[in-house]
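The values are calculated or read from the model by the stated rules, or taken from the named source; none is laboratory data. The structure presented is a predicted model; accordingly, all values stated were derived computationally and were not measured. Don't worry about glycine lacking a Cβ; one is built from the backbone with ideal geometry, like all the others, and counts go over all protein chains shown. Ligands, DNA and RNA are excluded from the accessible area calculation, which covers all protein heavy atoms including side chains. Shrake-Rupley method; radii C 1.70, N 1.55, O 1.52, S 1.80 Å.
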Amino acid sequence: MNGALVKKTITYTHTLPSGAVVVILGVPALCDEESEDGFCAFEPEVSERLYDLIDAAAARNPAPGEVVRLLFSDDPETVRPQVDLEVRVRGKGLNFGEIPLSALERLVESTTKAYRIAAKAVAKRLGVSKTPPYPTVAFVAPGSVVLGLRSSGSTPLFEEADVGHMALDLILQGVEWAGEGAPPGEDPELVAAALESVIELGKQEGVVELARYGEGGRQWKGVITPELRAKGEERLREVVREASRKSLQVFEGLLDAIKLDGEAHLRELSLKPQEYTGTTLNFRYGPDLLPKLLELFGKRVRLAAEEKAGPGERDFQALEVEGAKELPEA
């Protein structure tokens, strides 16, 4: 290098390991015009941009010998193939050429499980019997372990109200709920599924970054650190404890009907949960409780039951039953 560096705009060329060539036009550079080899250097932010553009071009999986032409001003997010969810793991030894097969296998497995957990919860909430198929991998990008997920069909992967679309949103929502907790009134089953998904994705040795895409590019981003995963595990335990506490209900009433198919009935309820508005109760029982129920038939009983929510109804399964004090006559 003989003289001062001069600001110029150049064309940068990079050959990918596959043999494809990435050509980036309009790259700001600092060049020594007097050097014989045409030496040029880049500012740090320019180097980072070039790195991102090359990664994005590689994600297109160009054929050997194919030339991918880009502008330096292009957005790397729009250069990559269109996806609905991007999963990136950053950490030591997680660069192409260094990634153990076990790490890639673990990422694919945890991503699959996380999606399945979220999709099943959303399908149940909507009363949909069939969950959507798993997303497919649109690309695996270099730089770290990066999976871009979309369907093999049209883009975007899911319609706005589709179960799969909502499942991806639920996974990202789980990142927020793991850190800050879910707001009051959220469906505990959805909250639990969201937290389980985050915990599953967090089973990596590095930091997991999630990016949710839709019309107009990236819409939402979340980061799962080991600390966030630990928070999510504690919040999940809280949700499970609270759900268990709320599901156990106590009733007192007159046992006036017992069916041998496992159903029975109380009327004249004198004790019931505050939110229960009925005056009678249909409940289910197991065969172990039948002798006790027959013994107490026609009498007032105290019943401990587990509430199991069903579509549009409340279902109660008897756990314990004992005699209760008779109400005084009016």
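Counting only residues that are at pLDDT below 90, surrounded by 13 or more Cβ atoms within 10 Å (Cβ to Cβ) and within 38 Å of the chain's Cα centre (by Cα), segment 1-37 holds 2 of them.
Tell me, please, whether a residue that is at negative phi, basic (Lys, Arg) and in contact (Cβ under 8 Å) with a residue 40 or more places away in the chain can be found in segment 35-51. Scanning segment 35-51, I find no residue that is at negative phi, basic (Lys, Arg) and in contact (Cβ under 8 Å) with a residue 40 or more places away in the chain, so the answer is no. Filtering segment 213-220 for residues that are outside any helix (DSSP H, G or I), among the hydroxyl-bearing types (Ser, Thr, Tyr) and free of Cβ contacts under 8 Å to residues at least 60 places away in the same chain leaves an empty set.
Scanning segment 114-138 for residues being of a type in the set (D, E, K, R), over 14 Å from Leu168 (Cβ atoms) and either in a helix (DSSP H, G or I) or assigned by the TED database to the domain that holds Arg60 (or both) gives a total of 2. Taking the numbered list (1) touching a strand residue (DSSP E or B) at 6+ places or on another chain (Cβ under 7 Å); (2) at pLDDT 80 or above in turn, Ala123 passes all entries but (1).
Yes/no per residue for (1) farther than 18 Å from Leu201 by Cβ; (2) surrounded by fewer than 20 Cβ atoms within 10 Å (Cβ to Cβ); (3) not assigned by the TED database to the domain that holds Gly26:
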site	(1), (2), (3)
Asp52	yes, yes, no
Ala59	yes, no, no
Gly65	yes, yes, no
Glu77	yes, yes, yes
Gly91	no, yes, yes
Glu98	yes, yes, yes
Ala103	no, yes, yes
Arg106	no, yes, yes
Glu109	no, yes, yes
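Out of Gly232, Gly262, report the one residue that is in the same structural domain as Leu294 (by the TED database), modelled with pLDDT of 90 or more and in contact with a Gly (Cβ under 8 Å, 6 or more places away or on another chain). Spell out the reasoning first.
Numbers: Gly232 fails: in the same structural domain as Leu294 (by the TED database).
None of the others qualify; the one that does is Gly262.
From (1) open to solvent by less than 30 Å² (accessible area, probe 1.4 Å); (2) of a type outside the set (Ser, Thr, Tyr); (3) outside the structural domain of Leu107 (by the TED database), pick out the condition that doesn't hold for Pro291. Tallying (1) open to solvent by less than 30 Å² (accessible area, probe 1.4 Å); (2) of a type outside the set (Ser, Thr, Tyr); (3) outside the structural domain of Leu107 (by the TED database), Pro291 fails exactly one: (1).
Residues checked against (1) crowded, with 20+ Cβ neighbours inside 10 Å; (2) over 30 Å from Gln82 (Cα atoms):
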{"position": "Ala194", "(1), (2)": "yes, no"}
{"position": "Ile199", "(1), (2)": "yes, no"}
{"position": "Val207", "(1), (2)": "no, no"}
{"position": "Gln219", "(1), (2)": "no, no"}
{"position": "Pro226", "(1), (2)": "no, no"}
{"position": "Arg235", "(1), (2)": "yes, yes"}
{"position": "Phe251", "(1), (2)": "yes, yes"}
{"position": "Asp256", "(1), (2)": "no, yes"}
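Sub-6 Å Cβ pairs linking a first residue in segment 225-241 that is closer than 20 Å to Leu210 by Cα to a second residue that is among the β-branched types (Val, Ile, Thr) and assigned to a helix (DSSP H, G or I), at least 6 apart or interchain, are Arg229/Ile199; Gly232/Val198; Gly232/Ile199; Glu233/Ile199, ordered by first then second residue. Figure legend. Inter-residue proximity from segment 308-330: first residues loosely packed, with under 10 Cβ neighbours inside 10 Å, second residues in a strand (DSSP E or B) and at pLDDT 90 or above, beta-carbon distance below 8 Å, spacing 6+ or different chains. Indicated pairs: Lys325/Arg300; Glu326/Arg300.
I'd like the residue in segment 150-174 that is touching a strand residue (DSSP E or B) at 6+ places or on another chain (Cβ under 6 Å) and either at pLDDT 80 or above or open to solvent by less than 20 Å² (accessible area, probe 1.4 Å) (or both) and, out of all such residues, is farthest from Trp220 (Cα to Cα). Applying the filter and picking the extreme gives Leu168.
Considering only segment 96-139, state which residues are small (Gly, Ala, Ser) and without any contact (Cβ under 8 Å) to a residue 24 or more places away in the chain. Don't jump to the end; show me each part of the working.
Step one: filter segment 96-139 for residues small (Gly, Ala, Ser), giving 97, 102-103, 110, 114, 118-119, 121, 123, 127, 129, 138.
Passing the criteria: Gly97, Ser102, Ser129.
Can you tell me which residues in segment 89-113 are at pLDDT below 85 and outside any helix (DSSP H, G or I)? Across segment 89-113, the qualifying residues are Arg90, Gly91, Lys92, Gly93, Leu94, Asn95, Phe96, Gly97, Glu98, Ile99, Pro100.
Looking only at segment 38-50, count how many residues are loosely packed, with under 15 Cβ neighbours inside 10 Å and in a helix (DSSP H, G or I). Please lay out each step first, then the result.
Restricting attention to segment 38-50, the residues satisfying the condition of being loosely packed, with under 15 Cβ neighbours inside 10 Å are 38, 41, 43-45, 47-48.
Subsequent filtering for residues that are in a helix (DSSP H, G or I) retains 44-45, 47-48.
Looking only at that region, the number is 4.
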